[in-house]
1. Restricting to segment 98-112, and then to whatever is among the aliphatic types (A, V, I, L, M) and outside any loop (DSSP other than H, G, I, E, B), can you tell me which residue is nearest to M58 (Cα to Cα)?
2. Go over the candidates N50, N95 one by one and state the one that is in contact with a Pro (Cβ under 9 Å, 6 or more places away or on another chain), in a helix (DSSP H, G or I) and polar (S, T, N, Q).
3. For segment 113-123, enumerate the residues that are assigned to a loop (DSSP other than H, G, I, E, B) and closer than 12 Å to I136 by Cβ.
4. I need the full set of residues from segment 35-47 which are in contact with a strand residue (DSSP E or B) (Cβ under 7 Å, 6 or more places away or on another chain) and not in a strand (DSSP E or B), in order please.
5. Please work out if I81 is more than 20 Å from D218 (Cα to Cα), aliphatic (A, V, I, L, M), at pLDDT 95 or above and surrounded by fewer than 19 Cβ atoms within 10 Å (Cβ to Cβ).
6. Listed residues I142, I163, I137, I156; which is buried (at least 16 other Cβ atoms within 10 Å of the Cβ) and closer than 21 Å to N36 by Cα?
7. Within segment 62-92, restricting attention to residues that are β-branched (V, I, T) and either within 16 Å of the ligand (Cβ to nearest atom) or in a helix (DSSP H, G or I) (or both), which residue is farthest from D146 (Cα to Cα)?
Amino acid sequence: MDHREKLYEGKAKAIFATDTPDELIQYFKDDATAYNAQKHDIISGKGKLNNAISHHIMSKLGESGIHHHLIRQINDREQLIRKCKIIPVEVVVRNIAAGSMVGRLAGAHIPINQGTCLKTPIVEYYLKEDALNDPIITAEHITGFDLASEDELTYIRLTALAINRLLMDMFADIGIVLVDFKLEFGRPAKPVAGEPAIILADEISPDNCRLWDKATGDIKDKDRFRKDLGGLVDAYQDIATRFGLTVSLP
Ligand code: TMP
């Protein structure tokens with residue numbers, strides 16, 4: 001499977017074609033971006049760590065019945081994935097108030113402070129549109145603009161909540177609190193009989209989760225980059241090690 005045509009290059013990953021039309025290669029880059037790429041750096045080793053961690057998490061979710069795009073890990077940078085048409089909606093699930101939710105509601109009469117445990121998980125939707133800074137949208141925008149049908153959106157929401165329960169347990173087992181995370185879903189180019197029309201795509205890694213050490217509160221995710229805390233690779237390496245993964249970095 002030699003290197004083939006690059007179909008797409010995103011902020012942290014690139015997608016390549018393979019000789020099989022409905023299968024693609026997802027390549028994990030070392031680029032770190034934040035604030036819609038206004039902040040950018042190359043962090044050596046990040047791509048390998050995210051590849052390993054995301055492969056581990058997606059595989060575990062698959063074993064628990066979540067349908068996803070991952071076929072297999074090819075090497076320390078690449079995964080073979082099923083080709084999907086990505087639904088242009090970022091699905092965020094929050095267990096603890098942090099990040100943009102706190103910023104957006106700062107000063108509100110209801111107290112929504114960083115670190116407040118939410119009564120129940122909150123699911124939010126953001127339109128994937130860099131030029132508009134990924135604006136928050138409602139379920140009615142999604143169905144009203146035909147991004148997904150009512151049934152599909154119900155499936156996405158329930159699947160996101162099921163993934164949240166699985167991830168919370170998976171991270172609790174390694175002493176980590178899952179604060180929030182972002183998911184993307186897609187429609188497989190080659191549907192499989194009996195499978196949902198929409199499956200989990202993209203990645204699940206410390207790049208798109210907020211992960212706090214249960215004992216110390218230490219930040220183990222991309223907020224280390226966003227907030228200039230340093231130590232991103234050590235934090236991601238710690239997550240990998242706790243999962244029992246060995247990622248050798250130069
Ligand atoms: P937020 O608090 O900035 O809205 O982020 C919520 C979660 O979603 C957090 O774990 C980071 C993740 N996320 C992404 O993975 N990609 C994005 O573009 C954004 C805005 C958030």
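The values are calculated or read from the model by the stated rules, or taken from the named source; none is laboratory data. Just so it is clear, the structure is predicted and the values come from calculations on it, not from any experiment. Every residue, glycine among them, receives a Cβ derived from its backbone with ideal geometry; neighbour counts consider all protein chains shown.
1. Just the residues of segment 98-112 that are among the aliphatic types (A, V, I, L, M), to begin with: 98, 101-102, 105-106, 108, 110, 112.
After this cut, where a residue has to be outside any loop (DSSP other than H, G, I, E, B) as well, the list is 101-102.
On the way: M101: 26, V102: 29 Å.
Out of the qualifying residues, it is M101.
2. Details: N95 fails: in a helix (DSSP H, G or I).
Step by step, each of N50, N95 is checked, and only N50 is in contact with a Pro (Cβ under 9 Å, 6 or more places away or on another chain), in a helix (DSSP H, G or I) and polar (S, T, N, Q).
3. First, the residues of segment 113-123 that are assigned to a loop (DSSP other than H, G, I, E, B): 113-116.
Within segment 113-123, no residue meets the criteria.
4. Within segment 35-47, I43, K46, G47 qualify.
5. Details: more than 20 Å from D218 (Cα to Cα): yes; aliphatic (A, V, I, L, M): yes; at pLDDT 95 or above: yes; surrounded by fewer than 19 Cβ atoms within 10 Å (Cβ to Cβ): no.
When the stated conditions are applied, I81 does not pass them.
6. On the way: I142 fails: closer than 21 Å to N36 by Cα; I163 fails: closer than 21 Å to N36 by Cα; I156 fails: closer than 21 Å to N36 by Cα.
Checking each option against the conditions leaves just I137.
7. Quick first cut of segment 62-92, residues β-branched (V, I, T) only: 66, 71, 74, 81, 86-87, 89, 91-92.
If we keep only those that are either within 16 Å of the ligand (Cβ to nearest atom) or in a helix (DSSP H, G or I) (or both) as well, we get 86-87, 89, 91-92.
On the way: I86: 14, I87: 10, V89: 12, V91: 16, V92: 20 Å.
Result: V92.
Condition check ((1) surrounded by 12 or more Cβ atoms within 10 Å (Cβ to Cβ); (2) within 16 Å of the ligand (Cβ to nearest atom)) across all residues:
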{"site": "E5", "(1), (2)": "no, no"}
{"site": "T18", "(1), (2)": "yes, no"}
{"site": "D22", "(1), (2)": "yes, no"}
{"site": "I25", "(1), (2)": "yes, no"}
{"site": "D30", "(1), (2)": "yes, no"}
{"site": "Y35", "(1), (2)": "no, yes"}
{"site": "K48", "(1), (2)": "yes, no"}
{"site": "H55", "(1), (2)": "yes, no"}
{"site": "K60", "(1), (2)": "yes, no"}
